[in-house]
Amino acid sequence: MGIFDRFKNKAAQDKARKMSDAAEKKANERTGNKYEGQVDAAQQNIEGRLGMDRDKPEQQ
């Protein structure tokens, strides 16, 4: 069992997505949205590495 296997569980993915959104919002607030593009790109990169791409349809 790999470290990322837990993200295959939909409930865990939903929780991780909410946490990712909260972290993005907080980073943008603290920087005054000055680095919004970089923060968004970093969030997409991390979610992609965890198999949580938002652009892909949900798999069941």
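Throughout, read-outs are computed from the coordinates displayed, never taken from laboratory work. Nothing here was measured: the structure is a model prediction, and the numbers come from that model. Neighbour counts are summed over all protein chains in view; Cβ atoms, including those assigned to glycine, are modelled from backbone coordinates with ideal geometry.
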Theoretical FRET efficiency, 1/(1+(r/R0)^6), r = Cβ-Cβ of residue 10 and residue 44, R0 25 Å, to 0.05
0.80
Whole-Hz Karplus ³J(HN,Hα) for the stretch 29-34, in order, using 6.51 cos²θ - 1.76 cosθ + 1.60 and θ = phi - 60°, x for Gly and Pro?
4, 5, 9, x, 6, 5
